[in-house]
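Participant: I'd like to ask some things about the structure below.
The values are calculated or read from the model by the stated rules, or taken from the named source; none is laboratory data. Quick caveat, the model's predicted, so the values are computed rather than measured. As a convention, Cβ positions derive from the backbone with ideal geometry for all residues, glycine included, and neighbour counts pool all protein chains shown. Surface areas here come from the heavy atoms of the whole protein model, side chains and all, with no ligands, DNA or RNA. Shrake-Rupley method; radii C 1.70, N 1.55, O 1.52, S 1.80 Å.
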Amino acid sequence: AQKVTQAQTEISVVEKEDVTLDCVYETRDTTYYLFWYKQPPSGELVFLIRRNSFDEQNEISGRYSWNFQKSTSSFNFTITASQVVDSAVYFCALNSRQTGANNLFFGTGTRLTVIP
Amino acid sequence: NAGVTQTPKFRILKIGQSMTLQCTQDMNHNYMYWYRQDPGMGLKLIYYSVGAGITDKGEVPNGYNVSRSTTEDFPLRLELAAPSQTSVYFCASCPLAGMREQYFGPGTRLTVT
């Protein structure tokens, strides 16, 4: 069965603090992809990153970084020096052959509020 | 490219009414999807299509129908609207290659009263 758990429902940080959003996934498949999407207050879904199950290298993109650890089935997302514009709901999602439709299986999201 | 477009942006329906949510993509993607997002929840798959003329059910298909007569368009039909269908609906598309990122439309906020 597919499952994505984002245990942190809401997080508040003060601007310039670092923050890590947790994502734990479950799948029986050996080939899968993990994603992070951002949903700002305007409501659209913005793609942030895709990572396949064979690539455990961490990735950094500006203030964003991602830590993928297969041993703990986690794909955590860190924002360094947070800014007010980072305030949004962040979704972790899983795609594997088990889903059949090539659809994304989403976690429930983490609402991040960055306080100026 | 406009990407994925959805109309309308907002709609209020009375119980028992019907409506069609429109979705169009101009990226020549074969895969298209309809998701719904309930408050405080992630997105759940309603229906999907792997190409023109081919559709299949997702996780929560009851109360909905779809069709895919062209590569570009993937409308979602609600028959006999119910309050449980109050949600935000997202259409998405994806290239043929497997497990690629999906591109989402801006969403349609539907309220059934």
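Participant: Do you know which of the residues in segment B:51-85 that are open to solvent by less than 50 Å² (accessible area, probe 1.4 Å) and of a type in the set (V, I, T) is nearest to A:Q8 (Cα to Cα)?
Facilitator: Per the stated criteria, the residue is B:V60.
Results for (1) in a strand (DSSP E or B); (2) closer than 28 Å to B:T113 by Cα, shown as yes or no for each residue.
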{"site": "B:T5", "(1), (2)": "yes, yes"}
{"site": "B:C23", "(1), (2)": "yes, yes"}
{"site": "B:M27", "(1), (2)": "no, no"}
{"site": "B:Y33", "(1), (2)": "yes, yes"}
{"site": "B:R36", "(1), (2)": "yes, yes"}
{"site": "B:T55", "(1), (2)": "yes, no"}
{"site": "B:V60", "(1), (2)": "no, yes"}
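Participant: Same structure, new question: Checking the structure you have, find out if any residue of segment A:63-79 is within 29 Å of B:V4 (Cβ to Cβ), among the polar types (S, T, N, Q) and open to solvent by 60 Å² or more (accessible area, probe 1.4 Å).
Facilitator: Looking for residues that are within 29 Å of B:V4 (Cβ to Cβ), among the polar types (S, T, N, Q) and open to solvent by 60 Å² or more (accessible area, probe 1.4 Å), one finds none in segment A:63-79, hence no.
Participant: Within segment A:84-106, which residues are modelled with pLDDT of 95 or more, open to solvent by 10 Å² or more (accessible area, probe 1.4 Å) and out of contact with any Lys or Arg (no Cβ under 8 Å at 6 or more places or on another chain)?
Facilitator: Answer for segment A:84-106, where residues must be modelled with pLDDT of 95 or more, open to solvent by 10 Å² or more (accessible area, probe 1.4 Å) and out of contact with any Lys or Arg (no Cβ under 8 Å at 6 or more places or on another chain): A:V84, A:V85, A:S87.
Participant: Now, a different point. Residues that are modelled with pLDDT under 95, within 16 Å of B:N1 (Cβ to Cβ) and within 14 Å of another protein chain (Cβ to nearest Cβ): which strands (runs of 3 or more DSSP E) entirely in segment B:63-113 hold 2 or more of them?
Facilitator: Answer list for segment B:63-113: B:87-94.
Participant: Can we say B:Y48 is outside any loop (DSSP other than H, G, I, E, B), open to solvent by less than 20 Å² (accessible area, probe 1.4 Å) and among the hydroxyl-bearing types (S, T, Y)?
Facilitator: no
Participant: Filter segment B:7-21 for residues that are over 17 Å from B:F104 (Cβ atoms) and in a loop (DSSP other than H, G, I, E, B); which is most open to solvent (accessible area, probe 1.4 Å)?
Facilitator: Among those that are over 17 Å from B:F104 (Cβ atoms) and in a loop (DSSP other than H, G, I, E, B), it is B:K14.
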